[in-house]
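Working notes for the structure below.
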Amino acid sequence: MPLCCFHDAIQAVMGWTDSHLHQFEKDGKYWGDPQNREFEDDIEIIDESKVPVGKVLRAEGDSMVYVYDFGDDWRH
């Protein structure tokens, strides 16, 4: 499953309406929608639609951060 679909799944499970920006973070890398100009200019955003979850979370116990709503900086 690509990270963009994982984002959709999180939205559905949490009952959210996908009305805020988001990104995934792990080991100094950031995944999200690179077309979104709300991201900080000095951060390289990897296209989440081209990266499966299994390429980021490679081993049992791996984790990453899901940031939702940059204004409130909800980190999950």
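Quick notes
- Take the Cα of Cys5, step 7 Å toward its Cβ, do the same at Asn36, and the gap between the two points is 1.9 nm.
- Taking label points 7 Å from Cα along the Cα-to-Cβ direction, His76 and Ser63 give a separation of 1.5 nm.
- Karplus-derived HN-Hα couplings along the stretch 53-64 (A = 6.51, B = -1.76, C = 1.60, θ = phi - 60°), whole Hz, x at Gly and Pro: 3, x, 7, 9, 9, 9, 9, 3, x, 4, 9, 9
- Our estimate of slack between Val13 and Glu44, defined as 0.36 nm per intervening residue step minus the Cα-Cα distance, is 8.3 nm.
- Solvent-accessible area, 1.4 Å probe, carbon plus sulfur percent, for the chain: 48 percent
- Label assignment, mean projected area of the Cα convex hull in nm² derived from the structure, set (i) 7.2; (ii) 5.2; (iii) 5.7: (ii)
- Accessible surface, the chain, averaged per residue in Å² (probe 1.4 Å): 67 Å²
- Residues in the stretch 5-19 carry Karplus couplings, in order, of 6, 4, 4, 4, 5, 4, 4, 5, 5, 7, x, 8, 10, 6, 9 Hz; the curve used is 6.51 cos²θ - 1.76 cosθ + 1.60 with θ = phi - 60°, and Gly or Pro positions show x.
- Amide H contacts of Leu21 (H built 1.01 Å from N, in plane; Pro and chain starts excluded): Asp69, Phe70 sit under 5 Å, all sequence-distant by 5 or more or on other chains.
- For the chain, a simple Cβ point-charge model (Lys and Arg +1, Asp and Glu -1, everything else neutral) yields a dipole of about 360 debye relative to the Cα centre.
The values are calculated or read from the model by the stated rules, or taken from the named source; none is laboratory data. These figures come from a predicted structure and were not determined experimentally. Quick reminder, even Gly has a Cβ in these numbers, built from the backbone with ideal geometry, and neighbours come from all protein chains shown. Heavy atoms of the whole protein, side chains included, go into the accessibility calculation; ligands, DNA and RNA do not. Shrake-Rupley method; radii C 1.70, N 1.55, O 1.52, S 1.80 Å.
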